[in-house]
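What follows is one structure encoded as structure tokens, with my remarks underneath.
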């Protein structure tokens, strides 16, 4: 598994649900990217100029919403994940 550094977060995007409109199955290339997922791993936090570490607001297991084009896609053991800054996360789903 990957351990994110600093204020980075590893997120497993929610599964893309197959969308049918009028009986037509939309191909994978036309499906919307999911904008929610589960936090799998978090970095140590943001380091301030004076060396203090500020903990992240998200933790492993949180369900989160993120921007449509947020993060960098990575593939680990045939599973797709996103590595993103905590700032790319819009909110926690409760």
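The values are calculated or read from the model by the stated rules, or taken from the named source; none is laboratory data. What you see is a predicted model; the values in this text were computed from it and never measured. A quick note on method: Cβ atoms are made from the backbone with ideal geometry, for glycine too, and the neighbour counts reach across all protein chains shown.
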Mind listing just one residue for me: the one in the range 45-61 that is in contact with a strand residue (DSSP E or B) (Cβ under 6 Å, 6 or more places away or on another chain) and part of a loop (DSSP other than H, G, I, E, B) and, of those, farthest from residue 7 (Cα to Cα)? 60
Taking the range 62-82 as the search range and keeping residues that are under 17 Å from residue 8 (Cβ atoms) and in a loop (DSSP other than H, G, I, E, B), which one is modelled with the highest pLDDT? 62
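In the range 43-79, how many residues are touching a residue at least 40 places away in the same chain (Cβ under 8 Å) and either exposed (fewer than 11 other Cβ atoms within 10 Å of the Cβ) or touching a helix residue (DSSP H, G or I) at 6+ places or on another chain (Cβ under 9 Å) (or both)? Spell out how you get there, then give the answer.
As a first pass, look at the range 43-79 and keep what is touching a residue at least 40 places away in the same chain (Cβ under 8 Å): 43, 46-47, 56, 58, 64, 66, 71, 74, 76, 79.
Still in the list and also either exposed (fewer than 11 other Cβ atoms within 10 Å of the Cβ) or touching a helix residue (DSSP H, G or I) at 6+ places or on another chain (Cβ under 9 Å) (or both): 43, 46, 56, 58, 66, 71, 79.
The qualifying residues number 7.
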